[in-house]
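Down below is the structure, laid out as structure tokens.
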Amino acid sequence: MRYALIGNPNVGKSLIFSQLTGLGVEISNYPGTTVALKSGPVCVEREIQQLTDLPGVYSLDGTADEETLVRGELREGRVDVAIVIMDASHLERNLYLLLQVAEYGVPMVAVANMMDEAEAAGLALDLPRLGELLGVEVIPTAATQGRGIAEIMPVAMERARPSSITVPYDADIEAAIRSLQKTLGVTRIQAILALEGAGTDPAMGEAGKALAGEIEPSHRMSVHQILAANRHHFSREIAGKVIREREPRRGIDPDRLLMHAWPGVPILVAVLVGMLVLVFFTGSLLERGLVSLFDRYLILPVQAAGLPPLAATLLLSMLLAIQAGLGIAFPFVFLFALCISALEDSGYMARAAFLADRAMHRLGLHGGAVIPMVLSFGCNVPAVMAMRSLRTRRERIIASFLITMVPCSARSVVISGIVAAFVGIPAALSVYGLVLLLTMATGLFLSRVTPGDRFGMILEVSPLRRPGAAMVLRKSWHRVSEFLFLAMPVLVLGSVGLGLLSWSGILGFFQESAAPVLEGFLGLPPYAATALVFGILRKEMAFETLVVLAGTANLPTVMSGVQLYTFAIISTLFVPCVSTIAVLSRQMGSRVALAVTAYTVALGLLVGMAIHFMLA
């Protein structure tokens, strides 16, 4: 038997799935977090049942990937029992989806989750009466408190049944449904799908299209709109029969502060800056300690071991990659995961997205993109992972370019270690300013040329909640594990490949070949080419390699201020690190990853060339 959780985004569906299966799926208060099928076993009375967490959707009549996926699962009979999760504090809206699921005739139970929030809002629900109206069992739960969760699977296994309720559609719609049933011998749900244009049979689709063409002119509405209006009206009617309002609990409404431009925007800036400062300082402390341990106990002993050149090169390349991943990237990835998970579970991220929506629109994105953009200041890897929350592929393509241009913590090492230390702090700040202008210009350009649909942002703002430590840690581990098990292997392989190129002399040949370009067009010494290549492995290695090849840590003795500034700019813009490329390729495909790489290389070289000729 295959059981499936179905519900709107942000109703606690993924949390219930996690509690029932123990698997670490993402659990968020931000709409659209669950974007793929998650399955796991549930043991009930010594029987193993398969439970699937379907993507959160508001309806089954749309064309989004999530809606198409859920509709297909129900239509093709791949769901034996549907467990419909509803937000008890917003029952009317959630009943809309339940009515659509009921039309498929699949055995089902309903779960009225967030009963605690409904009670706090002054709502009293007559759930037995709701069960009578729907013709299915209704289970009250409060997932954040673990209340009622243990009853879900036993009730679903023993008392699930098809709903007896039928939506009373407009008379013309009902006549069209009966006509299709009589002439084509189809079921009621097949006739409805044909009228909506969502059926799979061509003949049925043509018949539905013809009938819809007869209905729409007289109603001055599309069939979609008529069906939706009828469902919403029926949902309101059912909710009115089972909800009794009473005096809500009084208290200060924090959204008066958080969701208005003043003081909402200053609070947003303070939260984001505070998070960045916390992650940068704490991450830097952890980074220094971990890198020191790697140097002392692994890298320096290997360098002093007197191994054969090839073996020493390969082993050191592998150790440097592990040091880069675990010693440098991991602290920032983990700390950002903790901060973002806590903000998501508190409900604040939805408010941040609302405030940032107008500004992000100018870059072809929506307010939700503020989350990955902020993440990218710490490390581009978790930022790319966070792009999955963006609704359309168009938005994810634009975000792919912009995220990889944001100076991450490793790029900040290059900026602070070279420009701030040897040229001056104002020059270092100008690097950030220049990169910001280039990022905005890129966003404005891509927003006009990138194909794809543009949608307005419909955002559900959930109540503010106190994040649970266990849930925050579980979600953080889920995000960090993707970095460890996906990006780390590619990082190690890439490092070993660069080591082989260095040992074989190919890298030296590349340095000699690149000398005319670097010296003539960028004004940089030839060994800067090797430093830039090693910067692909990890960005701060560009700085470290430059020091090694220059033969001194006092770089102003071998390079001018303009050369140092040019190198820092190129290194900051030039090719995302191999970890970011690996994760980006997995998330968006190799073509997008290649396009981002080519664009950043070209942009870095062009800007570096312009700086050289203007300032030299």
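The values are calculated or read from the model by the stated rules, or taken from the named source; none is laboratory data. All values derive from a computational prediction rather than experimental measurement. As a convention, Cβ positions derive from the backbone with ideal geometry for all residues, glycine included, and neighbour counts pool all protein chains shown. Quick note on the areas: whole protein, heavy atoms, side chains included, nothing else; ligands and nucleic acids left out. Shrake-Rupley method; radii C 1.70, N 1.55, O 1.52, S 1.80 Å.
Spin-label model, GLU519/ARG147: points 7 Å from Cα along the beta carbon direction are separated by 7.7 nm. Taking a straight line from the alpha carbon of LYS13, these lysines sit under 24 Å away, with near neighbours fewer than eight places off in the same chain left out: LYS38, LYS475. Largest accessible area first, the listed residues ARG46, ARG538 line up as ARG46, ARG538 when surface is computed with a 1.4 Å probe on the assembled protein chains. Length gained on full extension, SER39 to SER504: 162.7 nm, using 0.36 nm per residue less the C-alpha separation. For the chain, the relative contact order works out to 12 percent when only alpha carbon pairs closer than 8 Å and six or more residues apart are counted. Could you state the number of Å between the C-alpha centres of the stretch 127-143 and the stretch 416-439? Going from one Cα centre to the other spans 60 Å. Rg over Rh for the stretch 176-267 works out to 1.30, both radii taken from alpha-carbon positions and Rh defined as the Kirkwood radius. Computed about the Cα centre, the dipole magnitude for the stretch 43-174 is approximately 340 debye when only Lys and Arg (+1) and Asp and Glu (-1) carry charge, each at its Cβ. Placing a pseudo-label 7 Å from each Cα along the Cα-to-Cβ vector at THR63 and LYS209 gives an inter-label distance of 1.3 nm. Rolling a 1.4 Å probe over the protein chains gives LYS38 an accessible area of about 70 Å².
Projecting the alpha carbon convex hull of the stretch 123-251 along each direction and taking the average yields 11.6 nm².
When only Cα pairs below 8 angstrom with a gap of at least 6 residues are kept, the stretch 178-242 shows a relative contact order of 20 percent. Extension gain, LEU293 to GLU512, is 75.3 nm, computed as 0.36 nm per intervening residue step minus the present C-alpha separation.
Per DSSP H run of at least 4 residues, take -39500 (n - 2.57); add these up for the chain, divide by its residues and hand me the 222 nm value, nearest 500 deg cm²/dmol.
Helix-only estimate at 222 nm: -19500 deg cm²/dmol.
Take the Cβ-Cβ distance between ALA421 and GLU92 as r, set R0 to 56 Å, and report the resulting FRET efficiency rounded to the nearest 0.05. Don't skip to the answer; put the middle values down first.
Details: r = 61 Å, r/R0 = 1.09.
It comes to 0.40.
The label point for ALA270 and the one for LEU184, both projected 7 Å from the Cα toward the Cβ, are 5.9 nm apart. For the pair ARG465 and THR557, the difference between a 0.36 nm per residue extended length and the Cα-Cα distance amounts to 27.5 nm. With the whole protein complex present, GLU196 retains an accessible surface near 20 Å², based on a 1.4 Å probe. Of the residues MET275, ILE165, ALA212, the one whose Cα sits farthest toward the positive end of the charge dipole of the chain, with +1 on the Cβ of Lys and Arg and -1 on the Cβ of Asp and Glu, is MET275. In terms of the mean number of neighbouring beta-carbon atoms within 10 Å, the peptides 85-95, 304-314, 131-141, 70-80 order highest first as 85-95, 131-141, 70-80, 304-314. For the stretch 281-384, the equivalent ellipsoid built from the Cα gyration tensor has semi-axes of 40, 15, 8 Å, listed from largest to smallest. A simple charge model with +1 on the Cβ of Lys and Arg, -1 on the Cβ of Asp and Glu and nothing else charged puts the dipole of the chain at about 760 debye relative to its Cα centre. In terms of packing, defined here as the mean over residues of other Cβ atoms within 10 angstrom, the peptides 441-452, 564-575, 183-194 line up highest first as 564-575, 183-194, 441-452. On the basis of the beta-carbon distance and an R0 of 51 Å, ALA120 and SER222 show a calculated FRET efficiency of 0.85. Against the chain, whose longest principal axis comes from its Cα atoms, helix 261-294 is set at around 50 degrees.
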